[in-house]
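The values are calculated or read from the model by the stated rules, or taken from the named source; none is laboratory data. Predicted model, so just to flag it, every value in this text is computed and none were measured. As a convention, Cβ positions derive from the backbone with ideal geometry for all residues, glycine included, and neighbour counts pool all protein chains shown. Note: accessible area is taken over every heavy atom of the protein model, side chains too, but ligands, DNA and RNA are not part of it. Shrake-Rupley method; radii C 1.70, N 1.55, O 1.52, S 1.80 Å.
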Amino acid sequence: MELGIFSISLAVSDLQQSAAFYAHLGFTVAGGDADNGWLILRQGDTVIGLFHGMFEHNMMTFNPGWGPNATALDSFTDVRDIQAHLRQQGIEPAVATPPD
């Protein structure tokens, strides 16, 4: 099962300040659109997405179709197939509501 590259998606209040903080940790901008409120940062194999005004909470993200170095994969497992696989294993995917 090919899930694609994993990243953490962070809901940030200040995109530029957040990007500057992660730059101090060695992250560089690998993609995104700052004018539209999002940046993708990389440091080695670690990927962080910074998102301003797009969602309320941080989330784990699997990026189907996206491999290392933001390259397109020739093939990957469709998220609906992953969901069906989980259900066959007796796992019902659900959206978790973070505590207040």
- Item | Test set (1) at pLDDT below 90; (2) of a type in the set (Val, Ile, Thr); (3) touching a strand residue (DSSP E or B) at 6+ places or on another chain (Cβ under 8 Å) - residue 40 fails condition number | (1)
- Note on the structure: Quick count over the stretch 26-83, residues being free of Cβ contacts under 8 Å to residues at least 60 places away in the same chain, surrounded by 13 or more Cβ atoms within 10 Å (Cβ to Cβ), assigned to a strand (DSSP E or B) and not charged (D, E, K, R), is 19
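So, in the stretch 1-25, how many residues would count as being over 17 Å from residue 66 (Cβ atoms), outside any strand (DSSP E or B) and open to solvent by less than 30 Å² (accessible area, probe 1.4 Å)?
Residues in the stretch 1-25 being over 17 Å from residue 66 (Cβ atoms), outside any strand (DSSP E or B) and open to solvent by less than 30 Å² (accessible area, probe 1.4 Å): 4 in total.
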